[in-house]
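Beneath this line is the structure, given in structure tokens, with notes to follow.
Only the coordinates and a few stated rules stand behind these numbers; no lab work does. None of the values given here were measured: they were computed from a predicted structure. Because the Cβ atoms are built from the backbone with ideal geometry, glycine has one as well, and the counts that use them run over all protein chains shown.
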Amino acid sequence: MAIPPEKTIVFNPATPQPKDIIEDSQESFLDNFQVLYDSFKKNHIPLDATSNAGNHTNLQLLQQPKDTDFQTDQGEISVYTKNVEGQTDQIFLRYQGNQDEFQYTNYQIYSISPKNRQTFFFTFLPGKIIVYFGVITPKGSTFDLEIKPRIAKNIIGVNLCPFNVSSNTGFPLYPPFINSCVETSPGIFGIVSLQTTFLSENIPPCSYIVFANV
Amino acid sequence: MSYNTAIPQSSDARAQSQKQILANFQAIARVWADNHYPLNGTDNEFYGMHTVLTMRPQIDHPETDIGQIALYNKLVGGIPELFFMPQNQHIPTQKPIQLTYPSISTGSGGTQYSFVAGPFIVYMGFIQNVAGVPNGQVITLMPGNTLLYAGLTSAGVKGTDGGTGIISPLTLTASFATNLNSPANSFTITHGLNGINGFMQVVYYLAIGV
């Protein structure tokens, strides 16, 4: 005996019709209540829960088309996701009065294994800014500070802070000087080239932070 | 027609209830379609999910029970801001945290700002002058805030010492941010030893304000 195909339940906002008797409408009522129940229990506390009905459990945001502009009136904030080229789906915000949207989250957050006398961490700031940070322990008067992952299109800020003192004078060492920001591939900056300042002191160990547009 | 929670009544005629029930189902579908995947969408895998979260401003910070958090919109100076509320109903020390700032300026310029939760505004950028960034130059950061931190890193050299010789980074020290908030939301670029004539061509800055 063939198994009947599973019925697809769809919400019907056009029920009941004027001449429907209860027998006509009963199935669509059941379907509508079932879809309402199924919809509400996803991302929300179920309708038949004994407490907290109306609260959200989770917030799954479906990817929106690239050219979507959500109406955002005075007093409102819109939160939504769009796919970002070279990344994944990211959260966007649009402020009240239909202001320009901006990307709130950015790329991923994690650390990369230390390498070549440098530790690597990165996070983001709203507005497509990636923040690289960590510690360098150079040996010598020059050092190539690497920024990974290599997705920086424009280096907007660099800050270096030594955390050692001079063995000769006991005074804090000077931070290194930036010779150049180096493109490691066309349009992508991957290295900040450093050089010691003030005569022959080697570059001291430093904490670093680099801001870049992606 | 708006949603009616008081229908049908036991004495209602069928024709009357039909219109009211129809109106309620239509209202439910119409309201749900705001912010959510439509109830009559073709893929039930997406039922209940959201397309956008449009948040109306709340008058008071919400209460959150144990195991709960809340994301909400509350006006700050008349401007809607996104807030995070940790569980606070039984732990009063848990306070709301503002997640957004009223504006943002990022892109490809030399003067940008963003924000982190707090709300703290994060300024980053560079001061560039081929003739050398002057010692004592006052940098005012906008939008105006009380600066909590400012740090500088120098890059590029002018090339010659007023015609008297080649300048190398090896003869320079660094630039420092002094006079924080004097005048308001500003700092002064102060060059260290041997940099007093302003040999640095670029000074990168990072500042945080509130």
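A few notes on this one:
- DSSP-loop chymotrypsin sites (Phe, Trp or Tyr not before Pro) across segment A:71-163, with at most 15 other Cβ within 10 angstrom: A:Phe163
- Alpha-carbon Rg/Rh ratio, for segment A:1-134, with Rh computed the Kirkwood way: 1.18
- 0 to 90° range, to nearest 10: angle between helix B:14-33 axis and chain B longest Cα axis: 10
- Projection of the Cα convex hull of the protein assembly as shown, averaged over all directions and equal to a quarter of that hull's surface, yields 30.7 nm².
- To the nearest ten degrees, helix A:22-41 and the longest principal axis of the Cα atoms of chain A are 20 degrees apart.
- GNM on chain B, alpha-carbon springs under 10 angstrom: the most fluctuating residue among B:Glu45, B:Glu81, B:Glu63 is B:Glu45.
- For chain A, built as a Gaussian network whose Cα springs stay under 10 Å, the top-fluctuating residue of A:Gln103, A:Gln195, A:Gln34: A:Gln34
- For chain A, built as a Gaussian network whose Cα springs stay under 10 Å, the top-fluctuating residue of A:Thr142, A:Thr57, A:Thr197: A:Thr57
- Within straight-line reach of A:Lys82, meaning a Cα separation under 12 Å, sit the following aspartates and glutamates at least 8 residues removed in sequence or on another chain: A:Asp67, A:Asp69, A:Glu101.
- Across the alpha-carbon set of segment A:64-214, the Rg to Rh ratio works out to 1.12, Rh being the Kirkwood radius.
- Pairs from the list A:Lys41/A:Lys66; A:Lys148/B:Lys95; A:Lys66/A:Lys128; B:Lys74/B:Lys95 with a Cα-Cα gap above 26 Å: A:Lys41/A:Lys66; A:Lys148/B:Lys95.
- Within chain A, longest stretch free of exposed GluC sites (Glu not before Pro) [DSSP loop, at most 12 other beta carbons within 10 Å]: A:86-214
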